[in-house]
1. Could you give log10 I(q)/I(0) at q = 0.23, 0.24 Å⁻¹ for region 241-285, computed by the Debye formula over C-alpha point scatterers of equal weight, without solvent?
2. Taking the Cβ of A177 as the center, what net charge do the other residues with Cβ under 13 Å away carry, scoring Lys and Arg +1 and Asp and Glu -1?
3. In whole percent, what relative contact order does the chain give with Cα contacts below 8 Å and a gap of six or more residues?
4. Once both labels are modelled 7 Å past Cα along the beta-carbon direction, what's the Q10-L472 spacing in nm?
5. When all protein chains stay in place, what accessible area (Å², nearest 10, 1.4 Å probe) is found for H266?
6. With a point put 7 Å past each Cα toward its Cβ, work out how far N452 is from V110 in nm, to one decimal.
7. How far apart, in nm, are the 7 Å Cα→Cβ label points at E245 and E276?
8. If you split all Cα-Cα distances of region 216-328 into 5 Å bins from zero, what percentages do you get per bin, shortest first?
Amino acid sequence: MVRFSVTRKQTAPIDGQKPGTSGLRKKVKVFIQPNYLENFVQATFNALTAEKVRGATLVVSGDGRYYSKDAIQIIIKMAAANGVRRIWVGQNGLLSTPAVSAVIRERVGVDGSRSSGAFILTASHNPGGPNEDFGIKYNMENGGPAPEGITDKIYENTKSIKEYLISEDLPNVDISAIGISSFGGPEGQFDVEVFDSASDYVKLMKSIFDFESIRKLLSSPKFSFCYDALHGVAGAYAKRIFVEELGAKESSLLNCVPKEDFGGGHPDPNLTYAKELVARMGLGKSSSGQEPPEFGAAADGDADRNMVLGKRFFVTPSDSVAIIAANAVEAIPYFSGGLKGVARSMPTSAALDVVAKNLNLKFFEVPTGWKFFGNLMDAGMCSVCGEESFGTGSDHIREKDGIWAVLAWLSILAYKNKANLESGKLVTVEDIVRQHWATYGRHYYTRYDYENVDAGAAKELMANLVKLQSSLAEVNGIIKGVRSDVSKVVHGDEFEYKDPVDGSISKHQGIRYLFEDGSRLVFRLSGTGSEGATIRLYIEQYEKDPSKTGRDSQEALAPLVEVALKLSKMQEFTGRSAPTVIT
């Protein structure tokens, strides 16, 4: 058995290491600075209680982006030096973020061990490559992101750190080969187990969904399917689940080979970046001449986000979670006993609210960040949840789950079509959405993203919006000067949330303008970029009249968009005449 020693390496604090709800994201050139990654990892170990480190089993994997393989070896050597008992690594360092959560919650090692946490290496939907983004976050024993109390400690530690522990003489582990490597250290045996990335996750999905009914749908000559992993980690699961388990044709899979640079693309599943899928589904500017598939979906880099498309039809994430909640009990075996409750993030449209009210379900509106959903789930208060930024999930794990969302939609399609796969007209994605609007009303909804904006200008814009809220008469005067056909604002605030589980209060979670007719404007600074600031503008209008739910979304929202841009002085503050992305 190879033996290793522990070295205490001197270091100094490096600024700018405050992890947000999604961890720490920076350019690769920042992470490869001397001691940068090491400082963050040691700061994390120091922030955890001793029993969560010494003798513990930790998962270390991610979306396979550039620098991941180097980072995994560094973290393994530091874990050994800090007294961790064993490390679990997905083969080739690949594990989707939802799969990591599943592994923490479900996997039992050959010796009966269970994981108490994980380092996840991902920058989510941000680009990868030597000149692009890298990220790291820590998930806890429930499988969810570290709470603010831990991330605050990590940040404080990074500002005062003077040394880190590492076992430099521990040889690199071959993470391409499944098996266990054992080493001897000052505190005894240390193991690194490389395991199949998909097995535990596939097993969990098969316990939630009726794979046989989905298989019948996919085998029907009436139904066609397309899945785009955008060269992210979802590709490690797509063939196993959709082809081997569910019988889809391999030609149904697009960009399902994980790549360190995501094939040079932007692994964000939206209408702007998922160009190939959008074209194939008949939503692109140019037509391929081929008949689009009935159902299409895409994933982001770490496979926790999803986009759902029908033939020539886009399903907004806000509608998607509402439709899944409305159909879950009938269509998904896991929910056959009923839903405990539902929840959405504040910027997400109120489509889920209407479903909850109609079905008499507990409903929660939370700040952006999956940890808030996790608290509700751990307390048994929430079954299905979602956010407008293409994240949807349930209490099967404590992260959003892109493949779960796709399987949920396939389950609903299978349920709606169980009587007519052999004869009769197929119930399509568009049919399901339009029927939902007819029942619950439609929330016209769009999001404008202004990425890499000067951080100072972004803060000034937000401060001005807060200042305006002190006089709604002035606000309504501005609105009427722009569009006389827009309803008046009856309330304005900065969203604040008191967690019903732990009583914690989260302030400054977004600026809201609520209109008399139920419309909303929401402005929020996002923490998911690696540099600059991202301003997100959310625009929503509710329509109950079934005869008016079929309009083009951008056309229906045009008056509110005009008001939002004028009210915020977007161009004056940012210099931008148009958003980076519209979804």
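The values are calculated or read from the model by the stated rules, or taken from the named source; none is laboratory data. The structure presented is a predicted model; accordingly, all values stated were derived computationally and were not measured. Cβ atoms come from the backbone with ideal geometry, glycine included; neighbour counts cover every protein chain shown. The protein model used for the area step is the full one, side chains on, heavy atoms only, and it has no ligands, DNA or RNA in it. Shrake-Rupley method; radii C 1.70, N 1.55, O 1.52, S 1.80 Å.
1. Here log10 of I(q) over I(0) equals -0.93, -0.97.
2. Numbers: positive: none; negative: D174, E193, D196.
Spelling it out: positives minus negatives among the neighbours equals -3.
3. Numbers: 1307 pairs, mean separation 76.6, N = 583.
This gives 13 percent for the chain.
4. Modelled inter-label distance: 6.2 nm.
5. Near enough 40 Å² of accessible area.
6. It works out to 4.8 nm between the two label points.
7. 2.3
8. 2, 12, 21, 23, 23, 14, 3, 0
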